[in-house]
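Remarks on the structure that follows.
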Amino acid sequence: AVFVAAEKLGINSASIIALIGSAGLALSLSLQNMLGNFAGGVALLMLKPFKVGDYIKEDSSGKEGTVTEIQIFYTKLTTADNRLVVIPNGELSNSSMINASAMPTRRIDIPVGISYEADIRQARNVLTELLEKDEKVLQDMDKRVFVDSLGDSAVMLDVRCHVASEDFWETRWRL
């Protein structure tokens, strides 16, 4: 009826169709990111690759932190230095991510440099004893201290052990 009325008034219906098509294209392009974030939010809420309280790292941009809120368009993280990071869900659902809280245990790797003049066996014994005495280190899991590389000015040892995920940072810093 609108097209017939427009024709009676002398307006070309092809012009109206072109105008409506252009407006629809412009609208869809402007809503593209928002719809992508909405679809990503739905996917995240259904698949649940992480939950509030998990520590995640998004690989494409390197954003990381503890998940504080999962909304339909955005996910909010709090970084270790207490900054708020808001990541669009479209970005999260289209990239790979690391969920450091998903498993009950985590491995700690700590590089330790000693001088070339130092006794490697003594250094290994001291570090191994440190791991055996720490109450948060899981004693039933693999613990190792080994020469990782020969650096320009130091022999690089690697101290490796496992802890409960919630004890990771505290134990790493203490060791």
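The values are calculated or read from the model by the stated rules, or taken from the named source; none is laboratory data. Owing to the predicted nature of the structure, the values given are computational and were not obtained by experimental measurement. Please note: Cβ atoms are built from the backbone with ideal geometry, for glycine as well, and neighbour counts cover all protein chains shown. Ligands, DNA and RNA are stripped out before the accessible areas are found, and what is left, the full protein with its side chains, is counted by its heavy atoms. Shrake-Rupley method; radii C 1.70, N 1.55, O 1.52, S 1.80 Å.
With respect to the conditions (1) touching a Cys at 6+ places or on another chain (Cβ under 7 Å); (2) free of Cβ contacts under 8 Å to residues at least 12 places away in the same chain, Lys133 lacks only one, and its number is (1). One residue is enough: does segment 16-30 have a residue meeting the conditions surrounded by fewer than 12 Cβ atoms within 10 Å (Cβ to Cβ), among the hydrophobic types (A, V, I, L, M, F, W, C) and touching a residue at least 24 places away in the same chain (Cβ under 8 Å)? There is no residue in segment 16-30 that is surrounded by fewer than 12 Cβ atoms within 10 Å (Cβ to Cβ), among the hydrophobic types (A, V, I, L, M, F, W, C) and touching a residue at least 24 places away in the same chain (Cβ under 8 Å).
Of all residues in segment 91-111, how many are of a type in the set (A, V, I, L, M, F, W, C) and part of a helix (DSSP H, G or I)? Walk me through how you get there before you give the answer.
Step one: filter segment 91-111 for residues of a type in the set (A, V, I, L, M, F, W, C), giving 92, 97-98, 100, 102-103, 108, 110.
Subsequent filtering for residues that are part of a helix (DSSP H, G or I) retains 92.
Residues meeting the conditions: 1.
Of all the numbered requirements in (1) in contact with a helix residue (DSSP H, G or I) (Cβ under 8 Å, 6 or more places away or on another chain); (2) open to solvent by 70 Å² or more (accessible area, probe 1.4 Å); (3) closer than 26 Å to Glu117 by Cα; (4) not charged (D, E, K, R), Ser153 misses one, and that requirement is (1).
The requirement of being in a strand (DSSP E or B), under 30 Å from Asp54 (Cα atoms) and modelled with pLDDT of 95 or more is fulfilled somewhere in segment 112-128, by at least one residue.
If you go through segment 142-152 and keep only what is in contact (Cβ under 8 Å) with a residue 12 or more places away in the chain and either part of a loop (DSSP other than H, G, I, E, B) or in contact with an Asp or Glu (Cβ under 7 Å, 6 or more places away or on another chain) (or both), you end up with Asp142, Lys143, Phe146, Asp148, Gly151. Tell me, yes or no, whether segment 64-74 has at least one residue that is farther than 25 Å from Thr105 by Cα, hydroxyl-bearing (Ser, Thr, Tyr) and touching a Pro at 6+ places or on another chain (Cβ under 9 Å). Yes, there is a match, as at least one residue in segment 64-74 is farther than 25 Å from Thr105 by Cα, hydroxyl-bearing (Ser, Thr, Tyr) and touching a Pro at 6+ places or on another chain (Cβ under 9 Å).
Scanning segment 67-124 for residues that are open to solvent by less than 40 Å² (accessible area, probe 1.4 Å), farther than 30 Å from Lys143 by Cβ and hydrophobic (A, V, I, L, M, F, W, C) returns Val67, Leu77, Val85, Ile87, Leu92.
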